[in-house]
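Let me begin by presenting the structure, written as structure tokens, before commenting on it.
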Amino acid sequence: MIRNKILGALILACGFNLNAQVKKTFTVDVNRPIAQVSPNMWGVFFEDINLGADGGIYAELVKNRSFEFANPLMGWQKLGKDIPEGSFLVLNRKDHVNNPRFLRIDASAIPEKLGLQNEGFRGMGIKQGLRYDFSVLYRQVKPGIKLHLQLVDSLGNVIGEKTLTPSETGTDWQKAQVSFQATKTEPKAKFNVWFEGKGIIDLDMISLFPEDTWKKRPGGLRADMVQLLADMKPGFIRFPGGCIVEGRVLATRFQRKKT
């Protein structure tokens with residue numbers, strides 16, 4: 001009896017296998033549409049993955065510009081020799097719940113040069129002759145520091161630079177902006193900020209944008225990528241997409257009504 005059951009199971013399995021191997025042919029005649037499809041059904045899906053937003057469609061070149069990553073100094077590298085302990089401190093403020101962190105630079109006791117380098121998003125794509133707009137929020141705790149800004153190529157050669165001297169003092173945050181042109185095209189550039197002089201300064205929202213953003217909007221989107229999307233004439237844009245809608249935790253998920 002057991003032998004008959006095993007034999008029956010084998011025959012049944014073989015039957016399923018034969019059915020699975022039967023080939024079916026489907027013919028699609030694109031010249032004979034059967035139903036109309038609304039153009040509003042064709043759209044684009046935005047997913048912030050693989051540098052889709054930061055480092056992608058958003059033209060910001062500085063990675064982790066406000067020190068809000070899980071590792072507050074991700075994307076940044078300290079420059080200089082014999083840097084004293086406490087020269088770079090990431091601090092928190094209670095009155096900015098959505099952007100609490102900022103960086104305090106204490107250059108009052110540095111022996112030589114002190115600086116930071118930002119790696120960008122796998123490098124910064126820089127174009128020769130293009131203007132680059134730098135901006136930063138600052139607060140001078142102890143005046144005396146100038147910011148020497150440099151774009152450098154993959155070999156460390158300077159391909160654009162400018163010096164910014166903070167003018168305002170006090171407890172309130174100020175915004176400063178300067179612009180400079182790149183002297184070389186470089187797909188893997190990096191950005192240096194050297195702190196010259198003696199003093200203590202707080203920095204936040206360290207930013208660098210190319211001038212050729214979408215429709216020349218300051219602080220805007222990357223023109224070439226957005227033009228490709230615009231040429232598609234999508235009927236809709238889905239945002240956010242995929243699992244990023246959940247956030248790392250429920251409290252930090254995307255909440256469109258608050259954006």
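Projecting the Cα atoms of ASN118, SER108, PHE88 onto the charge dipole of the range 73-140, computed from C-beta unit charges around the Cα centre, puts ASN118 farthest toward the positive end. Descending by average beta-carbon neighbour count within 10 Å, the peptides 229-239, 31-41, 145-155 line up as 145-155, 229-239, 31-41, the highest first. Distance from the alpha carbon centroid of the range 123-198 to that of the range 22-99 works out to 24 angstrom.
Count Lys and Arg as plus one, Asp and Glu as minus one, and take only other residues whose Cβ is under 15 Å from that of GLU85; the net charge is then +1.
What do you get for the angle between helix 2-20 and the principal long axis of the chain? Use alpha-carbon atoms, 0 to 90 degrees, nearest ten. Tilt of helix 2-20: around 70 degrees. Helical content of the chain, expressed as a calculated mean residue ellipticity at 222 nm, amounts to -3500 deg cm²/dmol (DSSP H runs of 4 or more residues, -39,500 (n - 2.57) each, divided by residue number, nearest 500). Mind running the shape call on the range 158-210? Use the C-alpha gyration tensor, a ≥ b ≥ c as the square roots of the eigenvalues: rounded below 1.5 for a/c, prolate if a/b tops b/c, oblate otherwise. Verdict is prolate for the range 158-210.
The gain in end-to-end length when the ARG253 to VAL226 segment is fully stretched comes to 7.2 nm, 0.36 nm per residue minus the alpha carbon separation. What the pair-distance distribution of the range 17-128 shows, using all Cα-Cα distances binned every 5 Å from zero, is 2, 8, 11, 12, 11, 10, 7, 6, 4, 5, 5, 5, 4, 3, 3, 1, 0 percent.
Under the simplified labelling scheme, the LEU51-ALA109 pair shows an inter-label distance of 3.9 nm, with each label point 7 Å from Cα along Cα→Cβ. For trypsin sites (Lys or Arg not before Pro), the sites in the range 63-94 that DSSP calls loop and that have at most 14 other Cβ atoms within 10 Å are LYS81, ARG93, LYS94. For Cα Rg over 2.2 N^0.38 Å, the candidate list reads (i) 1.52; (ii) 1.05; (iii) 1.01; the entry that matches the value derived from this model is (i).
Rounded, prolate or oblate: which fits the range 155-259, taking a ≥ b ≥ c as square roots of the Cα gyration tensor eigenvalues, rounded meaning a/c under 1.5, else prolate when a/b beats b/c? Taking the square roots of the gyration eigenvalues as a ≥ b ≥ c, the range 155-259 is oblate. A 1.4 Å probe run over the protein chains yields, for the range 141-259, 63 Å² of accessible area per residue, whole-number rounding.
The values are calculated or read from the model by the stated rules, or taken from the named source; none is laboratory data. Just so it is clear, the structure is predicted and the values come from calculations on it, not from any experiment. Note: ideal-geometry Cβ built from the backbone for every residue, glycine included; neighbour counts use all protein chains shown. Heavy atoms of the whole protein, side chains included, go into the accessibility calculation; ligands, DNA and RNA do not. Shrake-Rupley method; radii C 1.70, N 1.55, O 1.52, S 1.80 Å.
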